[in-house]
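The values are calculated or read from the model by the stated rules, or taken from the named source; none is laboratory data. Values in this document were obtained by computation on a predicted structure and should not be read as measured data. We work out accessible area using only protein heavy atoms, side chains counted, and drop any ligands, DNA or RNA first. Shrake-Rupley method; radii C 1.70, N 1.55, O 1.52, S 1.80 Å.
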Amino acid sequence: MGPREFYDSLPSTQDRALVLAREGAPEGTRVVARRQVRGRGRLARSWESPEGGLYCSVVLPCPNAHPGLFPLTVGARLAHALREEYAIPFALKWPNDLLVSEDGRPARKLSGILTDEVGSPTLGRAVVVGVGVNVRLDRSALPAPLRERVAALEEFVSPVPELDRVEEIVLRAAVGAVEWLSSPDGTEQARALCRKLLYGVGQQVTVDGAPAGTIEALGDDGELWLSTATDRVAIWAGDVRVAEAP
Ligand code: BTN
């Protein structure tokens with residue numbers, strides 16, 4: 001692994017890692033913070049980052065093919081690793097969230113993944129993979145509407161995992177995703193795992209707030225196929241929500 005920058009507090013590990021990537025940071029360079037004050041999520045949202053969670057961004061070489069499959073593959077490998085380690089049934093919500101889905105209650109978000117591509121003098125194209133995992137969670141530090149929509153590892157794992165251990169698991173998932181998408185066989189493995197863990201198949205969804213259809217399958221390039229009353233449509237971007245999910 002590359003060099004590791006550690007901060008008690010930072011605006012965003014993602015923004016710091018992007019600066020390092022543009023300056024030519026070597027593969028595997030990591031930025032970790034115990035809290036973020038301007039954590040970023042997908043679609044220009046903020047990512048609440050109180051102390052107790054893992055906030056980590058890593059600089060990696062960008063796989064050349066299937067960009068839409070990459071964040072899903074990181075998520076699928078992370079979900080798989082957390083299932084193996086802690087026996088919790090995480091699911092993968094398109095395109096970048098890990099959810100905990102329990103009988104009788106709405107699925108809740110445990111982790112979010114953000115990937116940003118950037119030019120790098122050392123790597124050519126680099127990808128910065130930013131991952132937030134709720135490990136311990138003080139819900140009073142979150143805005144009220146979020147409190148019931150998030151999950152944390154501390155609810156499921158005893159003793160609560162050390163942040164350093166969760167960081168190792170996250171890094172392995174990110175590096176493994178690059179490896180998989182760098183070969184045809186690995187790409188097939190990535191598709192199979194993403195499909196196995198995909199959340200919401202057979203359920204109706206909205207896209208950017210409008211009813212859009214029922215999740216049918218994940219396409220070869222990471223697009224989400226929906227069936228509508230008359231057709232099939234592929235979704236490549238946007239805010240997809242399953243009825244009761246976060
Ligand atoms: C999302 O769910 O939309 C993605 C959230 C990604 C959050 C992580 S926390 C570490 C890294 N730094 C950031 O500012 N964002 C990512």
Residue-ordered couplings for region 126-140, obtained by feeding phi - 60° into the Karplus form 6.51 cos²θ - 1.76 cosθ + 1.60 and rounding to whole Hz (Gly and Pro as x), are 10, 10, 9, 9, x, 10, x, 10, 6, 9, 9, 9, 8, 4, 5
Highest GNM mean-square fluctuation among Glu216, Glu179, Glu102, for the chain with Cα springs under 10 Å, belongs to Glu102
In whole percent, the fraction of accessible protein surface over region 40-85 that belongs to carbon or sulfur atoms, probe radius 1.4 Å, stands at 46 percent
Most fluctuating of Leu114, Leu43, Leu198 in the GNM of the chain (C-alpha, under 10 Å) is Leu43
Given backbone amide H placed at 1.01 Å from N, residues whose amide H is under 5 Å from that of Ile235, ignoring those fewer than 5 places away on the same chain, are Leu224, Trp225, Leu226
Per residue, accessible area of the chain with a 1.4 Å probe, heavy atoms of protein chains only, in Å², comes to 45 Å²
Sorted by chain and then number, the residues having a modelled amide H within less than 5 Å of the amide H of Cys62, at least 5 places away or on another chain, are Arg125, Ala126, Val127
Once normalised by the length of region 23-167, the mean sequence separation of its alpha carbon contacts under 8 Å that are 6 or more apart gives a contact order in percent of 25 percent
Sequence order, region 26-40: Karplus ³J(HN,Hα) from phi using 6.51 cos²θ - 1.76 cosθ + 1.60, θ = phi - 60°, Hz rounded, Gly and Pro as x, gives x, 3, x, 4, 10, 10, 10, 9, 7, 8, 10, 9, 9, x, 10
Per the rule of 0.36 nm per residue minus the C-alpha distance, extending Ser227 to Ser9 adds in nm 74.0 nm
Honestly the chain on the Cα gyration tensor test (a ≥ b ≥ c root eigenvalues; a/c under 1.5 rounded, otherwise a/b vs b/c for prolate or oblate) is just oblate
The set of residues whose placed amide H lies less than 5 Å from the amide H of Val150, leaving out same-chain residues fewer than 5 positions away, is Lys109
